[in-house]
Every structure is written in structure tokens, then in C-alpha cells.
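K.L.:
Dumping the structure here so I can ask a few things about it.
Computed from the coordinates by the stated procedures, all read-outs in this text should not be read as laboratory data. Just so we're clear, the structure is a prediction, and the values are computed from it rather than from any experiment. Counting neighbours? That spans all protein chains shown, and the Cβs are built from the backbone with ideal geometry, glycine included.
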Amino acid sequence: MKKKRLEEGELHKIAVLGSLLFICLLATYYSHFILKIEIIFTHLFYVPIILAGLWWSRKGIMVAVFLALLLLVSHALSPLGTFTWTDVARASMFMVVGTVVALLNEKRHILEDKLRAYSKTLEQKVGERTKELRESEERYKGIFETVPASIILSDMHGQIVDINPYPITLIAKGKTPREDFIGKNIVTNPTIVNAGLSETYKRVLEGEPFDQKDMYFPILPTGTDGYFNVKGVPLLKNGEVIGAIIMHEDITERKRMDEQIKASLKEKEELLKEIHHRVKNNLQIISSLLDLSSMRSSNAAVDLFTDARAKIHTMALIHSQLYRSDRFDQIDMENHIRELTDFLSQIYASRLITPVIESSSVYLSITQAIPCALVLNELISNAYKHAFREGQKGTVKISMQRSAEDTIFMRVKDDGIGIPEEVDIYKTESLGLKLVRNLVQKQLKGEIEVKRDNGTEFIIEFKHIRETCLK
């Protein structure tokens, strides 16, 4: 159908142009051959020339060529018998006008094609952008409608522009249409906001952001109380406030769950304290029984009972600290060392040995504190028993430090007679040193170094392990 219309249009153009050319031909014949005069009738020629250029572009130049030849041939064959350069100039003008119109028309078509292509591309981009905006709007609307928090949009005067369903449920139990809230003022309307926050919202509309966490609302419109995180953000344009967003996040249930968890943790904390207290008491009972047994034993057995009692008391001291402490993941090792040396000084009161404890600020978990305490007990006890001759005075220095790389360095040094050169800490069959070696290597994952310089110094090195426990 479209093709047929195009063909009809072309035929119409050819008919019109043919008629115009016929008129031009008659005018030329009448002037040159009938009247035998030269009059200016060639202005009529420009009509078909221009129309041909507009309709067929470069092909239309053929009309200009035809009319130029018509003028020149007619003049030459006419009875006038003269030939003037005026006709040549006119014929040339036909060619120039026809060519210019044809080229301009062709350029116009090219520009129109480019414009149509650009318009199509622009329409496509506009369509894609419109689709993206529609999808973005739908996503925003979905979030806005379903987010479990109150979101209120207001203009610069505090009048509500939009409100999501959550505050409607909170304020009116979902019975009031959203339209009834639009236009109400968030500062002055007591059914929308807590009265105590009116001044705060007013400051938000003046450009001052507001963020308050865990705010308690004693009475809500629903008749209950609750906790909220409240946030107000001014909307700015060119530095001027054009509105505000007010958000209320209901954290009542979360707050109550937190309180339940804290109460449960407190209960478990008390239970753990009681467990540590009972463990300490049981260990002290065992220590007392060993002490009573040693009174009825031979000298050789007394030493065994004393060593066992010291080890048990060492563990009891750790549990005692845990019982008295507010934290179960931190054992104050300086305090423990002081209590341990006090206990060992009482056991070996006959020895003229002075313990020297260097200040430290090392805290260990119970996982590392117990093996570390047993190692200290063994090394300090050995120093009391073997580092000095009978009646010899001396000192035992104990220190524990933590480096910036979280490495613990523990030192026990005496100025006694020194450990024999043939004693190898890693090969000795001594029960006490084997215990020290196993505790350091297998439980503390550390290393032992022995120095024999004016006495004996044991250096224990291991990595500090952080553990998360109850507070």
C-alpha cells in the first residue's frame, strides 16, 4: 500500500513537471518565432528547475540542462538571427540554480536521515532510561512500603508529603488511610510524633541532623511502650532546606531480647563463679588431706606430698582468682605469682631465700594460666629446694612480660650454685623438669632456654592466645 502511494506521488510530480516544461516550451516558441521579439520570459523556467531539484536532487539537474539548451537552440533557430551572451548567462544561471538547489536538497536529505537516526537513538535511550527510572521507582516503592521502620517525608514547613505503612500501623493500628496523614504537621501534631521530640524535629527542619539511639517511648498511640532509634535528616537543595526525612526504627523486641541475654549471661556468670569457688574449695580440701598425710609419713614421702600439695594449691589459686574476678578470660598473672611465692615461702620457710617479683601487666586465659602456673610452681619450688646449699642465703627473681608481638616471656632466675652442665632440659629424666618441658611444649606451644651464669635462669617463651569468654 505504501509502495503504491509512493508510485502515485512520483507520477503526480512527473505530470506537474511535464506541464511546466510544456508551458516553458510554448512561451519560448511564441516569443522567438511568433512575436520575433526578445522579452524576459525565462523567469518562468526557474519554477520547474527548482521543483526538479527539490524532488529528485541531482537527477533534477537534467531539467536545468534541458531548459538551458532549449533557450540557446531556440534563439539560434529563431528569425531573430542574433546570438547574445545574455542567453549564455541565463542558461548558465539555470545550471547554477539547478545544481545549488539539487545539492542543498541532497544535503537536506542527509541531515534529515541523520536527524531521524539521532531521534530514533534518543527515543531508544529515553525509553531505556524511562524503564530504568520506572524499575528504580518500583524498587524504592517496594523498600519504602515494606521496610520495618517508620519513614516520614515532609516539606520545609513540616507538612507530611509521604508516609510508609509502618508508622500507620504503629500510630493508628492500620485503620487510618494514608491520605489522612498527608498534609499534617510532624512538629505540631501529637498523634504522629512523640510530644517530647517536637523541638528536635523543628531543629531538623532548620538544617540540624538528629540521631538518637535506644530512645524510650513510655506511651505509644497503641497503648504500649517501646524503644526506638530515631533519626532526622534535613533535605537540602543549594544549601537550603526543602524538607526532611524522619525515621523511627522499632527496636523494642531487640532491646528486650538483649536484656534477656544479659540476664542469662549474668546467671551463667554467677554459676561459673560458684563452680570455680567449689573447685577451689575441693582442691584446698585435697591439699589439706595431703598435708595431714605428710605428718604421718616418712621424710621421703613428705617431699612427694609437699610437691603434690603445691601443685594442687597452684591450681586452686587460679580458680580462686576466677571466683573473685569480674572476668573469666583474664587471670592477673602478677597477682598469681605473688600469691604463689607467698605460699611456697611458707612451705619452705626454713630456706633463707628471698623472692623478687618484677612488675608485669600480663593477663592470661585459664587455658594458658593453669599450665603457666604449674611451670612457675615447679621452677620456683626447684629453686627453693635445690638452688642453694643448706643455710645459704639467696634470691629468686620471677618476671613475666608481654612483647608488642603478643609473645610472653617468663623468667625464673636464682643466684644459687647453678644447674650442672650435664643436665639437659630436653633429655633429663627428672620428673619435675619433664613436667615443665611437657607443659611448655605441648600445652603452651612454647620454648625453653636455660642459662647458667651466676646461678640458673629459665626463660620460657610462648605466644599469647586471646579467648572470648563471659564478662
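K.L.:
Report, in listed order, any pair from LYS59/LYS107; LYS107/LYS131; LYS184/LYS255 with a Cα-Cα distance greater than 24 Å.
P.N.:
LYS107/LYS131; LYS184/LYS255, as the Cα separations exceed 24 Å there.
K.L.:
If you don't mind, there's one more thing I want to ask. Sort 389-396, 66-73 by packing, meaning the average of other beta carbons within 10 Å per residue, with the highest value first.
P.N.:
Top to bottom by mean Cβ count within 10 Å: 66-73, 389-396.
K.L.:
Over 21 Å between Cα atoms, which of LYS397/LYS445; LYS262/LYS463; LYS13/LYS120; LYS213/LYS237; LYS385/LYS451 qualify?
P.N.:
With Cα atoms farther than 21 Å apart: LYS397/LYS445; LYS262/LYS463; LYS13/LYS120; LYS213/LYS237.
K.L.:
A further question on this structure: Can you put PHE388, PHE458 in order of Cβ neighbours within 10 angstrom, beginning with the fewest?
P.N.:
With the fewest neighbours first, PHE388, PHE458 line up as PHE388, PHE458.
K.L.:
Sort HIS75, HIS386, HIS12 by Cβ crowding within 10 Å, fewest neighbours at the top.
P.N.:
By the 10 Å Cβ count, ascending, the order reads HIS12, HIS386, HIS75.
K.L.:
Quick one: if you stick a label point 7 Å off each Cα along the C-beta vector at GLU135 and TYR118, how many nm between them?
P.N.:
2.8 nm
K.L.:
By the gyration tensor of its Cα atoms, with a ≥ b ≥ c the square roots of the eigenvalues, what is the shape of the range 344-445: rounded for a/c under 1.5, prolate for a/b over b/c, or oblate?
P.N.:
Verdict is oblate for the range 344-445.
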